[in-house]
Number of protein chains: 2
Amino acid sequence: MPAAIVPKDEVLDRLAQAFRENGYDGASIARLSEATGLGKASLYHYFKGGKQEMAAAVLGHVGGRFSNMVIAPLRGTGQPARRLRAMSAGLNDFYSQGRSSCILDLFGIGQAGELFRPQLKGAIHRFKNALGDLLREAGLDQTDAETKAEDAIVALQGALVVSRATGDRSVFHRVLEE
Amino acid sequence: MPAAIVPKDEVLDRLAQAFRENGYDGASIARLSEATGLGKASLYHYFKGGKQEMAAAVLGHVGGRFSNMVIAPLRGTGQPARRLRAMSAGLNDFYSQGRSSCILDLFGIGQAGELFRPQLKGAIHRFKNALGDLLREAGLDQTDAETKAEDAIVALQGALVVSRATGDRSVFHRVLEE
DNA sequence: GTCTATAAGCAGATAGAC
DNA sequence: GTCTATCTGCTTATAGAC
């Protein structure tokens, strides 16, 4: 069995980008085909469950990238303040300096929301725990740490929405400095 | 010319709800027809510009409701702290206790974003100014007031996204107490 | 594993009767 | 002002050749 012409990770990256630009409903198979450079039938060869499976695979893939770029720095061994800065840098890269929408936002809408809510909930939970643990390590008590962690995630999501709506990414950059 | 069977405000309310539940792309004409109780052709009689005009009309209608329920209390005459609480109550109603997504989020996505960005930007600007003016009146300097106002809008949008993604509206309620 | 061709159905939108 | 019926094109998805 010969290797695929395009590595699956690359395909998933491009699918993710297309979903992030258009949302679940707006990302038609034709667009996904164009974004990946694969014909429609090839996409269905990769993802036999169709668009829904493509989205699920993207969710897993993006979750993995998030773990590497954001969660891992938080779970590292340096000083808390330093790890927090590493997380900010990771978020900045992950969201392309605020240009990319978050899948947690897009996949929460409409029918997609019903399909993927458990995964979205899990992703938020993991992020909140990682950040909360770090804040506890930095000296906050359990309740404060959880609240602050949740606030940070809320601010991040809000900044992405406002940045997209205004076309002005300065909000995203400012919020990243919390 | 006899009156319409359903008042236009009622039609707009129902269209708004359908758009908020499904997003711009997810809200098909068939769904909008069902949501309003009007046949497709009747919808096109009201909105000759089709779906795009329906969305634009919803944007204007919802903007008006937001002015009444949220901006007006901020611009009132009582004490700043009291007006702030009135705003919170208005937001709680406007977003149905966190159950409704914000049009600023949904209409920022994909093609809809390109169509409506100016209106979205304007709406955020008006909210930020009203809130900033109140904060200045409460004693903050210009820069702080603007920053805090923006932070509040960011937190509100983020809370709505996180509430929708997790299905847990407690985040929305907590953030409303800032 | 990729492609072209095509099926079946839904999308947005319109015509014309009442 | 509302409806049924319809048009056209795009949607998801599949069949089958290479």
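For region A:98-145, a residue qualifies if it is more than 10 Å from chain B (Cβ to nearest Cβ) and closer than 13 Å to A:Q157 by Cβ, and the qualifying residues are A:G98, A:S100, A:F127.
In region B:151-174, of all residues being more than 17 Å from the chain's Cα centre (by Cα) and within 7 Å of another protein chain (Cβ to nearest Cβ), the one that is surrounded by the fewest Cβ atoms within 10 Å (Cβ to Cβ) corresponds to B:G167.
Scoring A:T143 on the criteria (1) at pLDDT 95 or above; (2) within 25 Å of B:G23 (Cβ to Cβ) leaves a single failure, condition (2).
If the condition is being more than 11 Å from DNA strand D (Cβ to nearest atom) and within 13 Å of another protein chain (Cβ to nearest Cβ), then region B:6-25 contributes B:Q17, B:A18, B:F19, B:R20, B:E21, B:N22, B:G23, B:Y24.
Would a scan of region B:74-97 turn up a residue that is within 14 Å of another protein chain (Cβ to nearest Cβ) and within 9 Å of DNA strand C (Cβ to nearest atom)? No, that holds for no residue. B:E53 meets each of the listed conditions (1) within 11 Å of DNA strand C (Cβ to nearest atom); (2) within 14 Å of chain A (Cβ to nearest Cβ) apart from (2).
All told, B:L91 meets the bar of being surrounded by 17 or more Cβ atoms within 10 Å (Cβ to Cβ) and either more than 13 Å from B:F19 (Cβ to Cβ) or among the aromatic types (F, W, Y) (or both). If a residue must be assigned to a helix (DSSP H, G or I) and free of Cβ contacts under 8 Å to residues at least 24 places away in the same chain, how many such residues does region B:137-167 contain? Final tally of qualifying residues: 16.
The values are calculated or read from the model by the stated rules, or taken from the named source; none is laboratory data. None of the values given here were measured: they were computed from a predicted structure. Don't worry about glycine lacking a Cβ; one is built from the backbone with ideal geometry, like all the others, and counts go over all protein chains shown.
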